[in-house]
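Below you'll find the structure, written out as structure tokens, and then a few comments.
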Amino acid sequence: ACGRPGATINLFGGCPKDTTITVCTEQLHYSEITLKGVFHNTPEFVRAALSLIASGKIPFDLLISEHRPLQDLEQVFMDMKARKVIKVAMYN
């Protein structure tokens with residue numbers, strides 16, 4: 001299975017030109033799975049995003065469920081799977 005029903009799967013990783021993948025179209029269709037290609041941002045977009053975050057105009061802290069040490073990574077994944085948290089900021 002490539003994802004649970006209704007999932008959106010991001011494809012990224014800088015694959016070489018002409019790289020192809022094979023997918024089960026039945027699973028995509030009946031499980032309503034979305035495949036999405038993503039690409040990096042330009043330095044200008046990164047600077048604009050950092051400026052927006054630093055300005056404090058948008059309460060980005062509301063997007064983070066918790067802050068946890070890197071040593072808790074396994075538990076964080078279990079908590080995410082159990083839907084106890086959504087986004088966790090990890091620190092070392």
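The values are calculated or read from the model by the stated rules, or taken from the named source; none is laboratory data. Computed from a predicted model, the values in this text were never measured in an experiment. All Cβ positions, even for glycine, are placed from backbone atoms using ideal geometry, and neighbour counts span all protein chains on display.
One line per residue, one yes/no per condition, for (1) at pLDDT 90 or above; (2) surrounded by 10 or more Cβ atoms within 10 Å (Cβ to Cβ); (3) among the aliphatic types (A, V, I, L, M):
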{"site": "Ala1", "(1), (2), (3)": "no, no, yes"}
{"site": "Thr19", "(1), (2), (3)": "no, no, no"}
{"site": "Phe39", "(1), (2), (3)": "no, no, no"}
{"site": "Ile58", "(1), (2), (3)": "no, yes, yes"}
The range 27-50: number of residues that are under 27 Å from Ala82 (Cα atoms) and not small (Gly, Ala, Ser) | 10
In the range 45-92, which residues are under 20 Å from Arg4 (Cα atoms), charged (D, E, K, R) and not in a helix (DSSP H, G or I)?
-> Arg83, Lys84, Lys87
Inside the range 25-44, can you point out the residues that are part of a helix (DSSP H, G or I) and aromatic (Phe, Trp, Tyr)?
-> Tyr30
Here the residues within the range 60-92 that are closer than 28 Å to Ala48 by Cβ and exposed (fewer than 13 other Cβ atoms within 10 Å of the Cβ) are Phe60, Asp61, Leu62, Leu63, Ile64, His67, Ile86, Lys87, Ala89, Tyr91, Asn92
Across the range 20-68, the tally of residues that are on the phi < 0 side of the Ramachandran plot and in contact with a Gly (Cβ under 6 Å, 6 or more places away or on another chain) stands at 1
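Determine, yes or no, whether Leu52 is surrounded by fewer than 11 Cβ atoms within 10 Å (Cβ to Cβ) and not charged (D, E, K, R). If you could, list the steps in order and put the result at the bottom.
On the way: surrounded by fewer than 11 Cβ atoms within 10 Å (Cβ to Cβ): no; not charged (D, E, K, R): yes.
For Leu52, the condition - surrounded by fewer than 11 Cβ atoms within 10 Å (Cβ to Cβ) and not charged (D, E, K, R) - is not met.
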